[in-house]
Ligand SMILES: [Zn+2]
Ligand SMILES: [Zn+2]
């Protein structure tokens, strides 16, 4: 089984997932850091416009794709909508105090 983990800053305790949680066939996000919010954020990079034509009771959506090309977005922080986002590159550092972050496993394998 794949271990779940987050990146943790040992100095201030800040934690963030270092993988994208909302990628789909229509929207592509990247993990970045916002210099203004001092947060790790998921930034929308490209999008394929689509329209939901029917939603089934189980939540599955039937969609039509409205364009044959991805739309590129200017990277923007989802919190402050500012453009001061930067790729979160290795070594992953804390956006608050610039301390190098370490992996912390989330599953209960130690029990
Ligand atoms: Zn920190
Ligand atoms: Zn921000």
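Every condition in (1) farther than 22 Å from residue 107 by Cβ; (2) at pLDDT 95 or above; (3) surrounded by 12 or more Cβ atoms within 10 Å (Cβ to Cβ) holds for residue 8 except the one numbered (1). All conditions but one from (1) surrounded by fewer than 16 Cβ atoms within 10 Å (Cβ to Cβ); (2) under 23 Å from residue 104 (Cβ atoms) apply to residue 73; the one that does not is (2).
A count restricted to the stretch 1-57 and to residues that are away from ligand 1 (no atom under 16 Å from the Cβ) and touching a strand residue (DSSP E or B) at 6+ places or on another chain (Cβ under 8 Å) stands at 30.
Residues in the stretch 68-88 that are more than 9 Å from ligand 2 (Cβ to nearest atom) and within 13 Å of the chain's Cα centre (by Cα): 75, 86, 87, 88.
Within 16 Å of ligand 2 (Cβ to nearest atom), more than 27 Å from residue 5 (Cβ to Cβ) and not assigned by TED's automatic domain parsing to the domain that holds residue 4 - does that describe any residue in the stretch 52-67? For the stretch 52-67, residues within 16 Å of ligand 2 (Cβ to nearest atom), more than 27 Å from residue 5 (Cβ to Cβ) and not assigned by TED's automatic domain parsing to the domain that holds residue 4: absent.
The values are calculated or read from the model by the stated rules, or taken from the named source; none is laboratory data. The structure presented is a predicted model; accordingly, all values stated were derived computationally and were not measured. Here Cβ is always computed from backbone atoms with ideal geometry, including for glycine, and neighbour counts include all displayed protein chains.
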